[in-house]
Amino acid sequence: PQIVLNAAEIDVHEVRVGGDSVPFTLADSDERLLIDSAHPGGTTTIDITFAGTLNGNLRGWYRSADTDPDGATQVIATSQMQATDCRRAFPCFDEPDFKAVFDITLVVEPHLLAVSNGPEVERAEQANGKIAVRFAPTMPMSTYLVAVVVGPLEATEAVLVPRLGEPDNPIALRIVHVPGKAHLTAFGLDVGAFALDWHQRYYGIAYPTEKCDMLALPDFAAGAMENLGCITYRESLLLAD
């Protein structure tokens, strides 16, 4: 039998199915990873060792550059997975009707801020001095809603928005931005808190995660992207004087 995942612009080193190393083929033209396995079916574990590219194409996991007040270029690693670019970040079943729980850990330099869909639940210093930041698992969702952002960023203090039906469990709303632009976040926080509360009451559905970060990114092709708990925006459409 063959297991078929999506992968694009990824260099796969090894694939293990149920703990056993198995043959695989990268079909670049089809953006697929074809895994040969003798596993009879049912539940199993697939472990993939691979390397990717932090690209400059505003797709998948890519580089967003900003110039700081000293004229130096600062690089932010950020993501835009919709519609089918999560496969450029990691091998996955990159189809909107396939749902999964994403349990994400990012290993980063200690001076950088790491943000993903879930709230941060654990951090551990590594032997090389980097920090492993683990985020709470997501609800079952499509790959195009995965978000991972790492960079020299700052976050506002959280605004607590009432959660529908759970007044003692509010939603923490923040804006994440490049340094020096905190004074441009008040309007976005005000409108974001209003909208988060209003939409819960209008639809009668509580927001399904513990926090909601809104990220202002210097290089972003879309106007905004509705990733669960980690909404990314073109900087000019979130920050306001």
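The values are calculated or read from the model by the stated rules, or taken from the named source; none is laboratory data. From a predicted model like this one, the values you see are computed outputs, not experimental measurements. Cβ sites come from the backbone with ideal geometry, for glycine too, and all protein chains shown count toward neighbours. The protein model used for the area step is the full one, side chains on, heavy atoms only, and it has no ligands, DNA or RNA in it. Shrake-Rupley method; radii C 1.70, N 1.55, O 1.52, S 1.80 Å.
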Checked region 16-52 for anything open to solvent by less than 50 Å² (accessible area, probe 1.4 Å), under 20 Å from residue 87 (Cβ atoms) and either without any contact (Cβ under 8 Å) to a residue 24 or more places away in the chain or more than 26 Å from the chain's Cα centre (by Cα) (or both); matches are 22, 27, 37
Selection over region 176-189 where residues are in contact with a Leu (Cβ under 6 Å, 6 or more places away or on another chain) and either assigned to a helix (DSSP H, G or I) or exposed (fewer than 12 other Cβ atoms within 10 Å of the Cβ) (or both) yields a count of 2
Output for Cβ contacts, cut-off 6 Å, separation at least six or different chains, first residue in contact (Cβ under 8 Å) with a residue 12 or more places away in the chain and in a strand (DSSP E or B) in region 146-168, second surrounded by 15 or more Cβ atoms within 10 Å (Cβ to Cβ) and of a type in the set (Asp, Glu), reads 161/197
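Table: residues versus (1) hydrophobic (A, V, I, L, M, F, W, C); (2) not in a loop (DSSP other than H, G, I, E, B).
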| site | (1), (2) |
| --- | --- |
| 63 | no, yes |
| 71 | no, no |
| 77 | yes, yes |
| 83 | yes, no |
| 90 | yes, no |
| 97 | no, no |
| 114 | yes, yes |
| 123 | no, yes |
Filter region 68-99 for residues that are among the small types (Gly, Ala, Ser) and open to solvent by 40 Å² or more (accessible area, probe 1.4 Å); the one that is farthest from residue 32 (Cα to Cα) is 71
For region 210-225 the number of residues that are within 17 Å of residue 193 (Cβ to Cβ) and surrounded by fewer than 17 Cβ atoms within 10 Å (Cβ to Cβ) is 2
When residue 138 is run through (1) open to solvent by 60 Å² or more (accessible area, probe 1.4 Å); (2) not in a strand (DSSP E or B), the failure sits at (1)
For region 167-182, does any single residue satisfy the condition of being of a type in the set (A, V, I, L, M) and touching a Gly at 6+ places or on another chain (Cβ under 6 Å)?
yes
Scanning region 190-209 residue by residue, the ones that are open to solvent by less than 60 Å² (accessible area, probe 1.4 Å) and of a type in the set (Phe, Trp, Tyr) total 1
Given the conditions (1) under 22 Å from residue 112 (Cα atoms); (2) assigned to a loop (DSSP other than H, G, I, E, B), every one holds for residue 213 apart from (2)
Of the residues in region 39-58, those that are in a loop (DSSP other than H, G, I, E, B), on the phi < 0 side of the Ramachandran plot and aliphatic (A, V, I, L, M) come to 54
Test residue 147 against the criterion of being under 30 Å from residue 28 (Cβ atoms) and surrounded by fewer than 17 Cβ atoms within 10 Å (Cβ to Cβ), and give yes or no. no
Of the residues in region 95-125 that are among the charged types (D, E, K, R) and in contact (Cβ under 8 Å) with a residue 24 or more places away in the chain, the one that is nearest to residue 77 (Cα to Cα) is 103
Of the residues in region 53-64, those that are open to solvent by 70 Å² or more (accessible area, probe 1.4 Å) and farther than 17 Å from residue 92 by Cβ number 2
